[in-house]
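First the structure, in the form of structure tokens, and then the observations on it.
What follows draws every value from the coordinates through simple rules; no lab data is involved. This structure is a prediction, so every number in the text was calculated from the model and none was measured. Neighbour counts run over all protein chains shown; Cβ positions are idealised from the backbone, glycine included.
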Amino acid sequence: MIRFKKCYLATLFLLFSAELIASPESDFRLGVEAFKAGDNAAAATYFESARDQGMNSVSLQYNLASSYYKLERYEEAKNYFNIVNKTPEMRDLAEFNLGLIAIKQKQWRTARRYFTSVKNSGKDEKLTRLSRKQLVMLRNKEDRLTAYVSSYLGFDDNISSVSSDSVLNESATFYDLYGSVNLLIEGTRKEGWSADASIYKIDYLDVASTDEEQYSIGVKKALKLKDWETSAKLNLSNTNYAGEDYLNSIKLELYGRKPISRSERIYFRYQLEDINSQQSVYDYLDGWRQRGRIEYRKYTTKNIQHFYYELELNDRGTLTATSYAYDYSPTRHTVRGIYTHVLDDKWRLTGDASYRISDFPASSTISRNENRLILALSADYRFDSTFKLITKFQYIDNSSDNDQYDYSKSVIKVGLSKSF
């Protein structure tokens, strides 16, 4: 009996002593041992104990994330891998694991984004090789539903785009909102059926006469033809202007893209649009509009170059005023160049220039032919590949042989965009 009491007291002493000498370091070590032994639940418990005692090392965060991943607690694992991702030397490892979590959650687009980032980094040969394999496996995997939203706050010094001599020339602060969703119906977005919907709104503060809203829905069929990616899309849209019905349109768009080298692409686009006014004052806009475009793009690690030529043909109504009338069916030629310089993995700077010539049919009462120049400069900061802060300045100069259509304007805006 005495021997039993001694053994019992000795056991209590050892247990009490173990509690006294427990430390975050010892719990972390026990967690590593449990993880290596495959006891992920015990590993997570030990790592949590070390965390609760004040340990906050990158090693702890990574091991805790890994334990949660093994236990299929993906949201908790994601949170800790995102913390690890803030340490530059651990970024590739964290993003590779975030890609694995995205696969488990069937977020294919997100998974591709992480694996592409690791592949492009190339800092770790093993992770680069594994990321390439994952990207091959994800080649035909796509999120069924994707979305995009953006919002800007800006200032426009000529909101009605009128001559500086006009009494209607006024400036205003504005905000705009854009949102879109895309649903993959069947197949993939490169070879299948998809549908989309979007909304756009611009609101000039204290000046409602130029506010605009546009809603659209569309369906698209994409098809691969040898080395061409092609699609046909039918789109319906409705536009409100100054709080009233403005235009409805039905648009057919044909699209083709072909690689001409590893870094170069060529694009062709054709649009046929049937435009219908919703008020008699806008009947001159009724009719057909056709646009054809040929486009070239080149991508390198340091810059993106983008050039196109577009021809626009119109068969519209007649614009009638008190002292003149003319056919509102211009032929337009547009050339545009966009150059984006990649400063680093966060910052991009973009210059944009376009020039458009508009030739209106001859009229016995008025002459209207125009040249329009648009210059823009923008900078965007990428929190990640889906979330951006954008600042943009744009200058427009429209010269016309009719003074009332001769104007210039400047617009500056700042906003955020996010894709899902």
What relative contact order, as a whole-number percentage, does the chain give when Cα pairs under 8 Å and 6 or more residues apart are counted?
9 percent
Convert each backbone phi in the stretch 186-201 into a coupling constant with the Karplus relation 6.51 cos²θ - 1.76 cosθ + 1.60 (shift: θ = phi - 60°), then list the ³J(HN,Hα) values in order as whole Hz, x for Gly and Pro.
7, x, 10, 6, 9, 7, x, 10, 9, 9, 9, 8, 8, 9, 9, 9
According to a simple spin-label model (label point 7 Å from Cα along Cα-to-Cβ), what is the distance in nm between W288 and H341?
4.6 nm
For the stretch 145-419, what value does the Rg/Rh ratio take when both radii are computed over Cα atoms and Rh is the Kirkwood radius, given to two decimals?
0.96
Cα extents of the stretch 99-257 per principal axis, largest first, Å, are 67, 36, 28
The stretch 275-392: projected area of the alpha-carbon convex hull, averaged over directions, in nm²
9.8 nm²
So which DSSP H runs in the chain come out at 24 Å plus along the axis (Cα) with average Kyte-Doolittle of at least 0.5?
2-21
Go ahead and run the numbers for FRET between A242 and Q305, Cβ-Cβ distance against an R0 of 41 Å, rounding to 0.05.
0.55
Whole Å is fine, so just give me how far the alpha carbon centre of the stretch 281-339 lies from that of the stretch 77-102.
46 Å
Would you mind putting 87-96, 257-266 in packing order, based on average other-beta-carbon counts within 10 Å, highest first?
87-96, 257-266
Take F383, F115 and order them by how many other Cβ atoms sit within 10 Å, fewest up front.
F383, F115
Cα-based Rg and Dmax for the stretch 294-353, where Dmax is the largest Cα-Cα distance (Å):
19.1, 58
Protection-proxy order for peptides 203-209, 26-32, each taking the mean of Cβ atoms within 10 Å per residue, highest first:
26-32, 203-209
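Quick one: pull the percentage of alpha-carbon pairs in the stretch 264-321 with a separation above 13 Å.
69 percent
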Computed lengthening from R382 to A147, 0.36 nm per intervening residue step minus Cα-Cα distance
82.8 nm
Sort 60-71, 217-228, 42-53 by the packing proxy (mean of other Cβ within 10 Å over each peptide's residues), most packed first.
60-71, 42-53, 217-228
Add +1 for every Lys or Arg and -1 for every Asp or Glu among the other residues with Cβ under 10 Å from the Cβ of I412, and state the total.
0
Placing +1 at every Lys and Arg Cβ and -1 at every Asp and Glu Cβ, with all other atoms neutral, what dipole size does the chain have around its Cα centre, in debye to the nearest 20?
3100 debye
